[in-house]
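First up is the structure itself, then whatever we jot down about it.
The values are calculated or read from the model by the stated rules, or taken from the named source; none is laboratory data. Please read these numbers as outputs of a predicted model, since none were measured by experiment. For neighbour counting, all protein chains shown are included, and Cβ atoms are generated from backbone atoms with ideal geometry for every residue, glycine included. In case anyone asks, the SASA skips ligands and DNA or RNA and just uses the protein heavy atoms, side chains included. Shrake-Rupley method; radii C 1.70, N 1.55, O 1.52, S 1.80 Å.
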Amino acid sequence: MTANDAALHTAPRTGPKRPLRVRAYRVLRKVLIGFIMASVVNFVFSYFFHTPKVYNLGHRNTELLMQYRMLQDKIDLASRELSEIESRDKGIYRSIFALDTIPPMNSLDPLDYVDPSRFAHSRYGAAISYAGGSLSLLRERLYRQSVSLDTLQVMAKDKERMTEAIPAIWPLDRNRIRNIGAFGIRVHPIFKTVKRHDGVDFSGEKNTPIYATADGVVSKNTVESGYGNSVVIDHGYGYQTRYAHLNKSLVKVGQRVHRGEKIALMGNTGRSTGTHLHYEVIYRGVHVNPLSYVSRDMSDEDFRKIIESAKNVIYEQD
């Protein structure tokens, strides 16, 4: 190799430089390729493996869903216990005090108490909506039951007065009764047509004493074309009694009367075919059979004791 050849071999090669645009393009291409490859690797890794952050988030979501389910289970348990109380209230407690049952609720669907669209964006929107609706429904049922129990509490405190307000004795001495006319459908003795008889007829002698069958206040003391001289007593708690075809009334409107107190004398006034007492028991506006209320096993001695005790009662006048 000559000296010239050696000089040429060791000397750096020179030539025209590449344009800046080409070099920038190549750098950008490498960056994009690197970014794409990193994204692919990250996607593949995250698809098959959870990062600690994603794992913690998934764990928290699972716990949240479990908490919603536990909450719903507790709501369902409380609802079943409340249903048992409602059943006893309807079938036992209110029956004891002769109270009307609570009107049924129009809907028992929890979703009727919330707007599901409010939680539509949430992954757990259905669980949130149902739990919220269940709580709202349970709260309404608890309020209604609370009102009912408050009423029962008042009735329980007033039980003795309620007992005295229920018609429970014969309106006259049984030994002075000649015949008893039945309650219900019968042939009218005057019009000879089939007609409902809203009371019971007790025939006897004129001026036989008539007694109040329960404590109460005289609400009517009138003369009516059908009933003749009649007295109506309001006993409270939904009970009223009527005593008709009287020869004479011994009480006045607004007067308080006691069970066993003499209030009238038997007669034959109004539309009547003979001397008798027409006696009615009205409960919450409905005529019921009076014989279902009288104590048929009451002895004559017990009846006389009630009559005698009523004579010693002093009443306050309104």
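Residues in region 182-207 that are at pLDDT 60 or above, outside any strand (DSSP E or B) and either in contact with a helix residue (DSSP H, G or I) (Cβ under 8 Å, 6 or more places away or on another chain) or within 15 Å of Thr269 (Cβ to Cβ) (or both): Phe183, Gly199, Gly204, Glu205, Lys206, Asn207. Picking from residues in region 72-91 that are free of Cβ contacts under 8 Å to residues at least 24 places away in the same chain and more than 14 Å from the chain's Cα centre (by Cα), the one that is surrounded by the most Cβ atoms within 10 Å (Cβ to Cβ) is Lys74.
If only residues of region 111-146 that are at pLDDT below 70 and assigned to a helix (DSSP H, G or I) are counted, the one that is most open to solvent (accessible area, probe 1.4 Å) is Arg118. The one condition from (1) open to solvent by less than 70 Å² (accessible area, probe 1.4 Å); (2) of a type in the set (Asp, Glu); (3) at pLDDT below 90 that Glu308 does not meet is (1).
Taken together, Leu265, Leu277 contain a single residue that is surrounded by 16 or more Cβ atoms within 10 Å (Cβ to Cβ), among the aliphatic types (A, V, I, L, M) and free of Cβ contacts under 8 Å to residues at least 60 places away in the same chain, which is Leu265.
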